[in-house]
1. Pulled fully out, how much extra length does the chain show between Asn210 and Lys326, if you take 0.36 nm times their separation in residues and subtract their Cα-Cα distance?
2. Taking the mean number of other Cβ atoms within 10 Å as a proxy for protection, how do you rank 269-278, 190-199 from highest to lowest?
3. What is the set of long-range amide H partners of Trp190 at a cut-off below 5 Å, with H atoms built 1.01 Å from backbone N?
4. Go through 312-318, 213-219, 324-330, 232-238 and give me the packing order, highest mean Cβ count within 10 Å leading.
5. What distance in nm lies between label points placed 7 Å from Cα along the C-beta direction at Asn29 and Glu145?
6. Quick check on my link table: of Lys19/Lys296; Lys58/Lys115; Lys201/Lys296; Lys164/Lys332; Lys193/Lys244, which ones sit more than 24 Å apart, alpha carbon to alpha carbon?
7. On a full-extension model of 0.36 nm per residue, what is the gain between Arg271 and Asn165, subtracting their alpha-carbon distance, rounded to one decimal in nm?
8. Which whole-Hz ³J(HN,Hα) couplings does region 251-262 yield from phi under the Karplus relation 6.51 cos²θ - 1.76 cosθ + 1.60, θ = phi - 60°, glycine and proline marked x?
Amino acid sequence: MNMGSLSTTNVEFCFDVFKELSCNNAGQNVFFSPLSLFYALNMILLGARGKCAQQVEKVLHYHHSAEFLRPRLKDSLECRQAGRMHSELGDLLSQINRPHSNYTLSIANRLYGTKAVEFHQQYLSCSEKLYQARLQSVDFGESVEETRKSINAWVESKTNGKVKNLFGEGTIDPSSVMVLVSAIYYKGQWQNKFQEKETTKTPFQLSAGNSVMVDMMYQTGTFKMASIKKPPMQVLELPYGNSKLSMVILLPVGTADLDQIEKQLTARTFREWTSSPHMVEREVEVHLPRFKLANKYELNSLLKALGMTDIFNEAKADFSGMSPDKGLFLSKVVHKAYVEVNEEGTEAAAATGESVAVKRLPIRDRFVANHPFLFLITDISTGVIFFLGKLASP
C-alpha cells in the first residue's frame, strides 16, 4: 500500500472531525491533530471486532480502501497479520518521532484499562510494536485520583511539559473501564524567519464585527500562493525549516467569510485548492498573527455522531481482540493539542533568496491574515495532515 491511500483516509477523517468541532464550538478557535487521533483510534481498532470494528473502520474511512486488510491478529507470534494499514501507520510514526533539530513533535497516545479486566498478551505486544503505545492497567475504582495524576504526569512528560493537567480533579469517573488519551505538541521553526522588530500591534477583525489587538508578524519573501475565485480566498504555504512540514493557510478575501470555505472543505476541494497549477511561487508580503493554541476535547459524543456508537455501549462493545473478558467498553476519549506560532525560524535560508526574488518578480502580492482563517500543518510530500486549526480569535 502506498502512503497515498493512508493520507486520503487521514484527510477525509480530518475534515469530518473538524466540521463537527467547528459546529459544536461556533465562533471559537478550533485546534486538533487528526494524525494523533487517527493513531489512537487505530489502537482501538486493533482490538475491536464485529460490528464494533466496522463502525470504527467507517469513521476512519477505511471502508473505501480495498487494499486495507482488516486488522486481525491471528498468528500469535507476529503482528503482521494486523493488516497493512497498521504497519504503514507504524512506519509513519517512527519517521515522525525521530529527534529533529528544527522541530519538536511529540505524540502521546495511550489506552488506560481497568485492572479488573485481563488483556490478551498479544494485543499488548502488538499495539506496542505497531504504535509504540502500551495499554496501561490502572485502578479506576479504588485510586481514581492517583490514576488521574499519573495519566497527567505521563502526558506532560511526553509533550515537553506543554500539555499539563489533561484531566482536572474529578473528571475521571471511578466506574471507568477504558480511557483513551491522545495528546500532541508541535513547535517548528520557519524556513524563512519573521524578524521580531517587524512585529507590530494590529487589529484583528473578529467574525462578530469587533476587533482585538494582536502581535502581527511581517515579512516579505518568495512563497507558494494561490488565489481561488470560488469561494474567494488566498492559500499560502509557509514551509518549516529542514523538514517536510508546511503550514498551509486558507484566508477568505473580500466579502467572503470562513463559513463559506468550511462548507466546501472536503479532501477533494482541498487537494484542488492546493494543487500545483494554483500554487505559484511569488513574492508575497505576509502578515500573520503570533498565536498559541491549546485545545482539549472530550470526543465521545463527536465520535458517536460520526457513527462510532457501539464501542461506547457496554452491551454492544466487542473488544474480543483485546481481552477475553466481557464488559469492556470505551468510557472516554480525550484529545489535547498544542501549537505555538511565532517569529522563530532559520535565518540563513531567508537572506540569500531575497535579492534574487525581487529581481525576478517585481509585483508583490499581499497576504494579510487580520481576520479569521483556517490553517493546516501538513506533510506536503505524503499529504498527511498533522494538525488542523481555525483561528477565530487570537
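Any read-out appearing in this document is the output of simple, stated calculations on the displayed coordinates, not a laboratory observation. These numbers were taken from a predicted model, which means no experiment stands behind them. Methodologically, a virtual Cβ is constructed for each residue, glycine included, from the backbone with ideal geometry; neighbour enumeration extends over all protein chains shown.
1. Taking 0.36 nm per residue and subtracting the Cα distance, the gain is 36.3 nm.
2. Details: 269-278: 14.2, 190-199: 17.6.
Ranked by mean Cβ neighbours within 10 Å, highest first: 190-199, 269-278.
3. Gly241, Gly345, Thr346
4. Listed from highest to lowest mean packing, they are 232-238, 213-219, 324-330, 312-318.
5. Here the modelled spin labels are 3.2 nm apart.
6. In this structure, Lys58/Lys115; Lys201/Lys296 lie more than 24 Å apart at Cα.
7. Result for the pair: 34.5 nm of gain on full extension.
8. 10, x, 10, x, 8, 5, 10, 5, 4, 4, 5, 4
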